[in-house]
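To keep things clear, I will list the structure first and then write my remarks on it.
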Amino acid sequence: MQPKVSKFGGTSVADADMIRKVKAIVAADADRRYVVPSAPGKRSKDDQKVTDLLYLCHEHARQGIAFDEVFTLIARRYSEIAEGLGVDPELQKHLEKVKQEIARVAADGGGPDYAASRGEYLNGLIIAEFLGAQFFDAAELIHFDERGKFDEDQTYRVIDEKLKGSQLAVVPGFYGSLPDGSIKTFSRGGSDITGAVVARGVGASLYENWTDVSGLLMADPRIVDNPKAIQTLTYRELRELAYMGATVLHDEAIFPVRHAGIPVNIRNTNRSDDPGTMIVPGNGSEKHTGTITGIAGRKDFTVIALEKAMMNSQVGYGRRVLSVLEDHGVSFEHLPSGIDTMSLVVADSQIDGKLKDVLEALRVEVHPDTIEATPQMALIATVGRGMSHIPGMAAKLFGALSEADINIRMIDQGSSELNIIVGIHADDFETAMRAIYKAFVG
Ligand code: ADP
Ligand code: ASP
Ligand code: MG
């Protein structure tokens, strides 16, 4: 039988009680042979994530401030977990070493990755002992190249060599190593990527992603009350939703499993009988259901709108606009254009501190008749199969927004037939999400 890979998110491994649920889930299916845990997450709404505390330790150490107090909070979390489970993987020794190394890395001018990664590392040691599983340090399995890019070739070669034969293994999520042996993490939420990489590496039949909701929901449950769960969707639909803010799965986690055609099952650790959401390859012949798959959105975008008469007939205009962005190291999200207009939608994280220079460079390079930057934009993607081809879908979407009195500042129905993206003011974000959900789902 091909094995299954089971990744457990922060809330699923936040304390001893949760880890007992993890053990029951793993024990219930002999194919669950690879377990990828996150660092302990929040136990309640106001709790702290261990990863956040570890970043804080690094930051204090970097500034030369004592971080004993914060570190004590972390040590206590792990001691409680280990005691609650009745295991001791020489925890005190490991904690002592981690504390020293955080100080050393910071003193050497290193980044926060080592500190951040220890959340999953320590939890992995405890969980491995509790499950009676073999512990693998992700630094030895997951590799990045000199420039910090994930090194697939080496990673899959090493996984094949070292991990594949294991009957029951724990691989901590979130991090790997650079060629010089130092630790490098994926971006936040990156344990999802580790799980996907392990799934591809061991040739899993299924990648299970255990979290605190019963699957991918049609909208963010923090905004829409009780949204319906999505039973099945394709990788492409998930990619659109995850990228646009359905953060239940890291948007980069799709690639390794999609490449190998491994389905993903999003499940709820607290309701392990719920079937959750299945994410499947899809063969392009999915039926148009006449409704949507889901809605997701993000805030913090800026739109730079350029207008120039006869823009369309000027050869190389678009290239010159984009080369200004390239020169400033800015990537763009969307590029809706009209006959005489072009809008650049960029994430604030890309343009912060550079906006003035970019506007000036655009003035010099492409001589627009007008140029205007609008900050505080939010984007909402309404995703569904054949979304932008089914007559009436767009009308319903725009109707819902107009009824809610929301001014649409940008529409991108562009190249993916899977979604329609609208740009609105950030203040309208929540109202717009609810209005769209109501119009399509009720
Ligand atoms: P984990 O720690 O298990 O990785 P995350 O916090 O990363 O979990 O992701 C799960 C959370 O994602 C949910 O608790 C929910 O608040 C949020 N979320 C946002 N959008 C969606 C959505 N469309 N469907 C389900 N959950 C969503
Ligand atoms: N612990 C890491 C974070 O908080 C990675 C993860 O949970 O996926 O971002
Ligand atoms: Mg997550």
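None of the figures in this text is laboratory data; all of them are computed from the coordinates on show. A quick note: this is a predicted structure, and the numbers were derived from the prediction, not measured. Positions of Cβ are backbone-derived with ideal geometry, glycine not excepted, and every protein chain shown enters the neighbour counts.
Neighbours of residue 419 by Cβ distance under 12 Å: Lys/Arg scored +1, Asp/Glu scored -1, total -1.
Scalar couplings 3J(HN,Hα) for region 420-429, obtained by applying the Karplus form with A = 6.51, B = -1.76, C = 1.60 to θ = phi - 60°, are 10, 10, 10, x, 9, 5, 4, 5, 8, 3 Hz; x denotes Gly and Pro. Taking every C-alpha pair closer than 8 Å and separated by at least 6 residues, the mean separation divided by the residue count of the chain gives a relative contact order of 13 percent.
When only alpha carbons are used to place a centre, region 1-60 and region 356-400 end up 39 Å from one another. Report the FRET efficiency, 1/(1 + (r/R0)^6), for residue 152 and residue 365, where r is their Cβ-Cβ distance and R0 is 45 Å, rounded to 0.05. About 0.75, to the nearest 0.05. The alpha-carbon of residue 49 sits under 18 angstrom from the alpha-carbons of these lysines, leaving out residues fewer than 8 places away in its chain: 7, 99. If the cut-off is a Cα-Cα distance under 16 Å, which lysines reach residue 149, setting aside same-chain residues fewer than 8 apart in sequence? Excluding near neighbours in sequence, the set is 184. Placing a label point 7 Å from the Cα of residue 107 along the Cα-to-Cβ direction, the residues of region 64-91 with a backbone N closer than 17 Å are 64-68.
Whole-Hz Karplus values for region 118-131 come out as 5, x, 6, 4, 5, 5, x, 4, 5, 5, 4, 5, 5, 7 Hz, taken residue by residue from phi with 6.51 cos²θ - 1.76 cosθ + 1.60 and θ = phi - 60°; glycine and proline positions read x.
Cβ crowding within 10 Å, taken as a proxy for footprinting-reagent exposure, orders 240, 372, 252 from fewest neighbours to most as 372, 252, 240. A cut-off of 5 Å between modelled amide H atoms, ignoring neighbours fewer than 5 places along the same chain, links residue 376 with 301. A cut-off under 11 angstrom between Cβ atoms defines the neighbours of residue 119, and their net charge, with Lys, Arg +1 and Asp, Glu -1, is +1. Under 25 Å Cα to Cα from residue 4, which lysines show up? Leave out anything in the same chain fewer than 8 places away. Partners found: 21, 23, 162, 164.
Residues in region 397-405 carry Karplus couplings, in order, of 5, 5, x, 4, 6, 5, 5, 7, 6 Hz; the curve used is 6.51 cos²θ - 1.76 cosθ + 1.60 with θ = phi - 60°, and Gly or Pro positions show x.
Can you tell me the orientation of helix 191-202 relative to the chain, as the angle in degrees between its alpha-carbon axis and the longest Cα principal axis, to the nearest 10? Between helix and principal axis, roughly 70 degrees. Spatially, region 119-169 and region 236-283 are offset by 21 Å when compared through their Cα centroids. Here the dipole of the chain is about 960 debye; that uses its Cα centre as origin and unit charges on the Cβ of Lys and Arg (positive) and Asp and Glu (negative). Under a 5 Å amide H cut-off, with hydrogens placed 1.01 Å from N, residue 294 pairs with 383 among residues at least 5 apart or on other chains.
Mind pulling the angle between the C-alpha long axis of helix 317-327 and the longest principal axis of the chain? Nearest 10 degrees, somewhere in 0 to 90. Between the helix axis and the principal axis of the chain, the angle is about 30 degrees. Length gained on full extension, residue 327 to residue 31: 101.5 nm, using 0.36 nm per residue less the C-alpha separation. Between residue 65 and residue 97, the modelled labels are 2.9 nm apart [label points 7 Å from Cα along Cα→Cβ]. Please find the FRET efficiency linking residue 441 to residue 315, where r is the Cβ-Cβ separation and R0 is fixed at 30 Å, and quote it to the nearest 0.05. Calculated transfer efficiency: 0.05.
To check you understand DSSP bridge types, tell me what percent of the beta bridges within the chain (both residues inside) are antiparallel, rounded to 5. Intermediate values should be presented prior to the final figure.
Values: 38 of 61 bridges.
Here the antiparallel bridges make up roughly 60 percent for the chain.
Only Lys, Arg, Asp and Glu carry charge here, each on its Cβ (+1 for the first two, -1 for the last two); on that basis region 340-412 has a dipole of about 340 debye about its Cα centre.
Positive contributions from Lys and Arg (+1) and negative ones from Asp and Glu (-1), summed over other residues with Cβ under 12 Å from the Cβ of residue 333, come out at -2.
How big is D for the chain, in µm² s⁻¹ as a whole number, if Stokes-Einstein is applied with the Kirkwood radius of its Cα pairs at 37 °C and 0.692 mPa s? Mind dumping the intermediate values first?
Values: Rh = 23.6 Å.
Answer from the Stokes-Einstein relation: 139 µm²/s.
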